[in-house]
Each structure stands twice: as C-alpha cells, then as structure tokens.
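Asks: Take a look at the following structure, please.
The values are calculated or read from the model by the stated rules, or taken from the named source; none is laboratory data. For clarity, every value in this text was computed on a predicted model and none was experimentally measured. Please note: Cβ atoms are built from the backbone with ideal geometry, for glycine as well, and neighbour counts cover all protein chains shown. For the accessible areas, the whole protein counts, side chains as well, though only heavy atoms, and no ligand, DNA or RNA atoms are used. Shrake-Rupley method; radii C 1.70, N 1.55, O 1.52, S 1.80 Å.
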Amino acid sequence: MKRLKTIENVINDSALKDNEKTSISSYLDSQISSNLSNIDTPWFVKIISIIGTWIGSFLFLLFLFQLNILNSEISVIISGTIMIVSGISLSYLKSNAIVESILFAILSIGQIMVIFGLISNKTHDLKVFLLIIILIEIPIYLFAKNYVQKLISVIAIPLCIMAIIQDASYNTAIGPDTISAMYISILLSIISKLLISSIIMVSSLIWIFETKIQLKLKHFNYFYSPTAYGLIISSILLLLLSHDNFSYNFKISLWYITTIFSFAALSFIIFITLKNQFNLSLKKYLIIISVIALILLPTVNSPGIITSLLIIILAFSNGNKLLFTLGISFFAVFLSFFYYSLQQTLLLKSIILMSSGALFILLYFVFTKIIRHGKTV
Amino acid sequence: MNDKIKNITFTRKIFYLLSQMDGINKEKLDKIYSAAGFKPDKDSWYSFISKLLLSIGTLFTIIGIIFFFAYNWRSLHKFIKLGITILLLIIPALITIFSDLNKFHSKLLLLASSIFTGSILAVFGQIYQTGANAFDLFLAWTILITGIVAISKFQPLWLIWLALINITIILFSFQILDDWAFPYILFILFVINSAFLAVFEIFQKKGDPLFKYRWMPRIITIIALTYITIGSVMGITYEFNDKGYLICLITAIPFYCGMFYIYSQKIHDLTSIASSMICIIIMVFTSILKIMDFSSDSFSILFLGGFFVILLTSISIFILIRINRKWKEII
C-alpha cells in the first residue's frame, strides 16, 4: 500500500476543476483549524488518555463504594444510569482527547454498575445477563457519539447473541435425545451460521460502498468507522468458534453455510474492483472465481480462511493498512487452526503443506508470465 | 490554505470530514479518494497478487519441510541431526561471503545464520544431554553471534542480540542466583538497555544513516522504562524491603525527567516522552493505593487520588499535543 500524501498533494493531484479544488481547500481549512486537536492527535496520546482516565475513574468508583452510596441494587442502577445518560449527552459537546476519554470512562463504569445492579442476587441465568448487556448496548450504540464506546457496542451485541444461541444449543445437547431436540439443534446451528454470514456480508458492503455511505450519512458519519471496524472484528471473533476446540456445544457443524456467504462476498468484491475497474471480461472473471473456489474447496468447513482472505482483499482495495494487518494476522491464525485440526499424521500434513506451497509458487509463475505477456502485447 | 494544514497527512478522518461538505457529490469524492492513494491501480494489484502468491507458497513449503523433519526427527541419526542444523548455518553464511553485505538479502541471510546458531546449540544439548542450564545456551548463543552482529549493520539483528543479552541475564538471575538479586537484576537490565539506547542516539545525532530509523530506540526505551518502573512499583508495594528497589526508584525519577528533556529538546520523539508519562501515572497510582494502607481516611485519598490521576493525565496530554504542534511549526 502506498504512503499517505499530504492534504495539499491530494488536492493538487486530484482530477478536480480549479474552482472545486479551491472550495475544498477552504472548507478543509476552516474545518480542520477548528478541530485540529482531534485531527492531529497522535494515537498514543489517546492511549495515555484512556489509561489515565480509567485509573482515575476506578479510584472514584472505589471512593463511591467506600461512601456506601452504592450499598443497594437500586442505588447502583440509578447511579449507573445517571452516568450513562451523562456520558451520552456530554459526548455531543465539542471535545478533545482528554474529555472523550473521561466520557468513555464514565460510560463504561455506568454500564458496569447498571449490569451489576440488575443481575446481582436475582438470577444466575446466563441468558438474562446477556440480554441485559444487549439491551444496554443498543441505545448506547444509537445515541452515544463516543467512537470507542460505539466500537465496543458493535462488537458486544453479536457476541452476546451468539452466546445466547450457544447456551440454548448446549441445553438442547445435554437434554433428552429426541427427534425434536435434533431439529432444534440443526435450526440453532443454521441460525448461528446465518448470523455470522450476515455480519460478514454487511461489513463487506459497508467497506465496498464506503464513499456512497459517507455521503448518505453526512453529519452522522461518526457511525461509520466504529460500525465498519466493529463488524469486521466481531465476525473474526465469531469465526474463532469454527475451530474444533471452541465449538464443543454444536453437535452439527454446517460451517459451509458461512463459507458460501463469504465466497459470495469475495466474488462480489472481485467483480466490483477487478471486473469494473479494469474492464475484465466476464469469461476471465469466471475463470478467476473458479480457480479461487477450487483452491479453497478443501477449507469449506473453515470459513475463517476465506473470510480473512476477503478482509485482506477489502483492505487492499480500500488502501486500509489497519484492516490489512488484521486480515493477514487472522489469515495466519485460521490457517494454523486448519492444519492443526486435520486428522492426519505429521508426515501427511507436511506433504500437504509442501504440495500446497508448490501449487502457490506455480500459480505465482503462471500469473507473472500472464502479466508480462499482457504488457508486451 | 493555511501552511500548517497543507502539510497534514490526508487520512481517512480527513476524507470523512470532506464527505460532510455541502455540495460534495460522489464523483468529486471518488476523485479525492483515488488521488489520496486509497484506490490501488493495476500495477499495485499485480504486485500485491504476485507477492501474496509467492509469500503463501514459500511459507507453506518451509513449514512443510519443518513438519517433515519434525516427523522424522526421532528416527534420524545424531550425525544427520547435527549435519542438518550445521548446514542451515553454513549455507546462508557461504552465500553471504560471496555477496555484497550491503544488500538486503545478505542481511537476511546473516539473520538466518544467527538464529540457526541457536538451533545448533539446542540440538547439541539435546543429543548429548549435557545437563547445561538454559542460561548456558543463551550465553553461548549471545557470544557466538557477536561477530555476525558487529558486521551486519542490520537493526533487527542488533535487537535480537540485545534480546538475547536480556534473556541471558534474566535466566542467570533465576537459575544461578537467588531471589534476593531480583531488584539488582532489574537495575542492571535497565543500565544495559539505557547504554544501548545512549549509543544509538549518539550515532543518530551524528547523522549516521544506519541509525535513522526510530523503531529500534523506541522499543529499547520501552524496555528500559519497563524494568525501572517495575523495580520502583515493587519497591513502593513492598515498602522498599530491599535496597535494590530504592536504587530503582532513585534512578527512575531523573530518568523520566531526562527522557522528557532529551526527547523534547534534542531528539524529537513523542513516543519516548509518552511512554515516560505512562510510567509516571502508573507510579502515582501505585503510591495512592499504598498511602491508603497507612491512612484511616481512605475516602479523601481515593477522591483526591482519582482527581490527581485525571489531572496528571490531562497535563500529560496537553504537554504532548503542545510539543507536537511546536515541532510542526519549526518544520
């Protein structure tokens, strides 16, 4: 990926008319000048602010406990709610890195207090606990303007839904072995795979149509980044369940459902970028898709591999280094899981790996030859 | 356009800001998107796909070979085991001898030779059951690759050598010395890493191009700060029951101040200043919790402590942003 340019270089290099360049320059001038601390803040300043405000808020919480303000469930719930509402309302004020971190700390502590107040001594049912988290996170996602809080909400909601499904599946699995129990298990398995698939599809579409969505959101574009990154992160975390050691609750696998959806998303992004951008013919496009499908066929029950490949392609087509790093890291993780869980001897695994390696190196030579031939023609 | 703003990097944040502009449409945004380099061109795609295929192919082949040897390792004769590991050292070394040391592939081969030196020692120890400690292995490894490190002019290799020195000292303290030496070991590790940092920064200040990249001194700074901060925090927690912890604390405070002065005035690097500030916040937090042990008025301490930490954080951020803006004005 290319190094990022300066604002001046981007405007000068763009194919815009002179008057358009002037209006964009003056707009950015006024917007960035009034918001310089937010635009120009190095990332580690945000890390310091989060660490510092969390430590400070933790001490305040201990102070409140010591004062016996939080000695009953009602007082905990009320105090927590006040903190959540304050955190959400104040996030709409113009703020800098310090204020944002303080508000994040207030919101987080408020959520912990409300959850703690609602569940303590009442019930030990996991489903209730997860539902409470979902019901708290939804309004926070919709109304809080804080980036980190929105990101956490987007990640937490699908994870909690998945945990509810896992819990129901576990209860079915340990229950009597009847035909209806089997159908319920299959249904729960399909629902969980469709949940993950829908998250993958939505996150792909969000990144593919980044510009269009930005224009549509306009002054609500603070939803975009946390939602886009949050969905990718939650899909990766959910796909970790596809590894044998993490999915003991599911009797029926059906991971190929997620693989099919991920493959559909990958085909779509290849269509949008390669076919449309480079005028690739339909025949060549279908050949490329077929080759990818053939290579990835053995991994049909490991959707993590094709999804990480999808993230890598998405990241590269959008010039997004963070997403690219995420994709590459988890591609390595899911590949390791795949080979680890192969029910074969170490000798056979080594032969499979060496053969796969040779195949990819061969593809590399074929690809470079085709490109060289295309350039000379 | 304002000079300060012209030179700001065009990130996604700026692009999202632009999308809020009245009168902007998809066509204009797409042009900006392409100009910003977010959309790769044909050549970038070709390069990416070919690198991806080659990397995956090479990685799979290497791992396959490793698995193959792992499967057959027990049944291999000891001379073959040693022979393979020695060959893994000799082949890259021979290629390097006949190559230009300034080329990147030569440096990578020197790195490979250094790593395989460790594997020879490990295999030797495994075959002959020498009964040596892990400390002996790492000490021998460090000494043997010193020559390679000296000629390599390759920062990753220097970092590996420094890591080996650190591991050797830590293993020495756990396997040879008793627990009493722990605070002194922390101090010694801090001194060694700070010495490396000082040498690096002196050469960097002289303008040596070999020392122009900042990632290595930043890592060493964080390592040095970690040792001295751990020593100080443990001292506060255990009420300086050992003189070594007191030495750590007495050294830590001027070190943080020194970091701040040097990296704000002499060498411009916000990461080192920020790391020092995080360590100060951690020390203050530990002190507050410790004060509570001695005081009956925990309410005031918690209230004031929380307030003080947030104030300290705010001051740190304010200073960092101010320094950052000042440097940009100078540039």
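Asks: Please list, in chain and number order, the residues 5+ apart from A:Thr6 or on another chain whose amide H is under 5 Å from its amide H, with Hs placed from the backbone.
Replies: Those lying under 5 Å, H to H, from A:Thr6 are B:Phe10.
Asks: Please compute the net charge surrounding B:Leu157, taking Lys and Arg as +1 and Asp and Glu as -1 over other residues with Cβ under 15 Å from its Cβ.
Replies: Details: positive: B:Lys103, B:Lys107, B:Lys153; negative: none.
With Lys, Arg at +1 and Asp, Glu at -1, the neighbours total +3.
Asks: With an 8 Å cut-off on Cα pairs and a minimum separation of 6 or more residues, tell me the relative contact order of chain A in percent. Walk me through the intermediate numbers first.
Replies: Values: 331 pairs, mean separation 45.8, N = 377.
About 12 percent, as a whole number.
Asks: Could you tell me which helices of chain A pass both thresholds, a Cα extent of 20 Å or more along their own axis and a mean Kyte-Doolittle hydropathy of at least 1.6, with helices taken as whole DSSP H runs?
Replies: On the way: long enough: A:18-34 (24 Å, -0.91); A:43-66 (35 Å, 1.82); A:73-90 (25 Å, 1.83); A:97-119 (33 Å, 2.30); A:126-143 (26 Å, 2.53); A:147-174 (41 Å, 1.24); A:179-208 (43 Å, 2.04); A:224-239 (23 Å, 1.43); A:256-270 (21 Å, 1.97); A:282-296 (21 Å, 2.25); A:303-317 (21 Å, 2.28); A:321-341 (30 Å, 1.55); A:346-376 (45 Å, 1.29).
Membrane-span-like by this rule: A:43-66, A:73-90, A:97-119, A:126-143, A:179-208, A:256-270, A:282-296, A:303-317.
Asks: About the Cα centre of region A:179-319, how large is the charge dipole given +1 on each Lys and Arg Cβ and -1 on each Asp and Glu Cβ? Please answer in debye to the nearest 20. Can you show the working numbers first?
Replies: On the way: 8 positive and 2 negative charges, 79 e Å.
The calculated dipole for region A:179-319 is roughly 380 debye.
Asks: Placing +1 on the Cβ of each Lys and Arg and -1 on the Cβ of each Asp and Glu in region A:248-377, which of A:Leu280, A:Ser302, A:Gln344 has its Cα farthest towards the positive end of the resulting dipole?
Replies: Going by the Cα projections, it comes out as A:Leu280.
Asks: Using a simple charge model, +1 on the beta-carbon of Lys and Arg, -1 on the beta-carbon of Asp and Glu, nothing else, what dipole does chain A show about its Cα centre, in debye to the nearest 20?
Replies: Details: 24 positive and 14 negative charges, 256 e Å.
With only Lys, Arg, Asp and Glu charged at Cβ, the dipole is about 1220 debye.
Asks: Sort out the exposed loop chymotrypsin sites (Phe, Trp or Tyr not before Pro) in chain B (DSSP loop, at most 13 other Cβ within 10 Å) and tell me the longest stretch that has none. Walk me through the numbers before you get to the answer.
Replies: Numbers: sites that count: B:Phe98, B:Tyr213, B:Tyr238.
Segment B:99-212 is the longest.
Asks: Accessible area per residue of the protein assembly as shown at 1.4 Å probe, in Å²?
Replies: Values: 35740 Å² over 708 residues.
Roughly 50 Å² per residue, with all protein chains present.
Asks: Shifting gears a bit: What spacing in nm lies between the two simple spin-label points modelled at A:Ser329 and A:Asp29, each 7 Å away from Cα in the Cβ direction?
Replies: So the two model labels end up 4.1 nm from each other.
Asks: Taking the Cβ of B:Glu239 as the centre, find all other residues whose Cβ is under 14 Å away and add up their charges (Lys, Arg: +1; Asp, Glu: -1). If you can, show how the numbers build up before the last one.
Replies: Details: positive: B:Lys243, B:Lys290; negative: B:Asp242, B:Asp293.
Taking every other residue near B:Glu239 into account, the sum is 0.
Asks: Listed here are the pairs B:Lys243/B:Lys290; A:Lys218/B:Lys42; A:Lys46/B:Lys39; B:Lys6/B:Lys328; which of them are more than 21 Å apart at the Cα?
Replies: Details: B:Lys243/B:Lys290 18 Å; A:Lys218/B:Lys42 31 Å; A:Lys46/B:Lys39 28 Å; B:Lys6/B:Lys328 12 Å.
Table pairs above 21 Å Cα-Cα are A:Lys218/B:Lys42; A:Lys46/B:Lys39.
Asks: Would you calculate a helix-derived [θ] at 222 nm for chain A, using -39,500 (n - 2.57) for each DSSP H run of n ≥ 4 and dividing by the full residue count, to the nearest 500?
Replies: On the way: 16 runs with 290 residues, N = 377.
One gets -26000 deg cm²/dmol as the mean residue ellipticity at 222 nm.
Asks: Taking a probe of 1.4 Å and counting only protein heavy atoms, give the total accessible area buried between chains B and A in Å², rounded to the nearest 100. It would help to have the intermediate numbers written out before the result.
Replies: Details: alone 21500 and 22830 Å², together 35740 Å².
So the buried area, both faces added, is about 8600 Å².
Asks: For the charge dipole of chain A, defined by +1 on Lys and Arg C-beta atoms and -1 on Asp and Glu C-beta atoms about the Cα centroid, which residue among A:Ile213, A:Ala358, A:Ile260 has the Cα displaced farthest towards the positive pole?
Replies: So the residue furthest toward the plus end is A:Ala358.
Asks: Next up: Can you give me the % of accessible surface on chain A that is carbon or sulfur? Probe 1.4 Å, all protein chains present, nothing else counted.
Replies: Details: 13160 of 18510 Å².
About 71 percent, which is the carbon plus sulfur part of the accessible surface.
Asks: Which shape class, rounded, prolate or oblate, goes with chain A when its Cα gyration tensor gives a ≥ b ≥ c as root eigenvalues, a/c under 1.5 marks rounded, and past that a/b bigger than b/c marks prolate?
Replies: Oblate is the answer for chain A, as a/c is 1.5 or above yet b/c matches or exceeds a/b.
Asks: Longest span of chain B, sites excluded, free of trypsin sites (Lys or Arg not before Pro) in DSSP loop with at most 11 other C-beta atoms within 10 Å? Please report the intermediate quantities before stating the final value.
Replies: Details: sites that count: B:Arg74, B:Lys103, B:Lys206, B:Lys212.
Maximal segment without exposed cleavage sites: B:213-331.
Asks: Also, quick follow-up: What length, rounded to one decimal in nm, is gained on full extension from B:Tyr71 through to B:Glu27, with 0.36 nm per residue of separation minus their alpha-carbon distance?
Replies: Values: separation 44, 0.36 × 44 = 15.84 nm, distance 5.83 nm.
Extra length available between B:Tyr71 and B:Glu27 comes to 10.0 nm.
Asks: What shape does the protein assembly as shown take by its C-alpha gyration tensor, where a ≥ b ≥ c are the square roots of the eigenvalues and a/c under 1.5 counts as rounded, a/b above b/c as prolate, and the rest as oblate? If you can, show how the numbers build up before the last one.
Replies: On the way: a/c = 1.21, a/b = 1.02, b/c = 1.18.
Judged from the Cα gyration tensor, the protein assembly as shown comes out rounded (a/c under 1.5).
Asks: Can you tell which of B:Leu197, B:Ile236, B:Leu302 lies farthest toward the positive end of the dipole of region B:177-331, using +1 and -1 charges on the Cβ of basic and acidic side chains (Lys, Arg; Asp, Glu)?
Replies: It is B:Leu197, whose Cα lies furthest towards the positive end.
Asks: Rounded, prolate or oblate, given the Cα gyration tensor of region B:120-162, with a/c below 1.5 counting as rounded? Before the final figure, lay out the partial values.
Replies: On the way: a/c = 3.26, a/b = 2.65, b/c = 1.23.
The shape class here is prolate.
Asks: Provide the per-residue ³J(HN,Hα) series for region B:226-243, in order, calculated from phi with Karplus coefficients 6.51, -1.76, 1.60 and θ = phi - 60°, each as a whole number of Hz, with x at glycine and proline positions.
Replies: Each residue of region B:226-243 in turn: 4, 4, 5, 6, 4, x, 5, 5, 5, x, 5, 5, 9, 6, 6, 5, 10, 4 Hz.
Asks: Evaluate the charge dipole of the protein assembly as shown about its Cα centre and quote only its size in Debye, nearest 20, assuming +1 on the Cβ of each Lys and Arg and -1 on the Cβ of each Asp and Glu. Please list the in-between numbers first.
Replies: Numbers: 52 positive and 32 negative charges, 499 e Å.
The dipole magnitude comes to about 2400 debye.
Asks: Turning to a different aspect of this structure: How high is the FRET efficiency from B:Tyr238 to B:Gln175, r the C-beta distance, R0 30 Å, rounded to 0.05?
Replies: On the way: r = 23 Å, r/R0 = 0.77.
FRET efficiency, B:Tyr238 to B:Gln175: 0.85.
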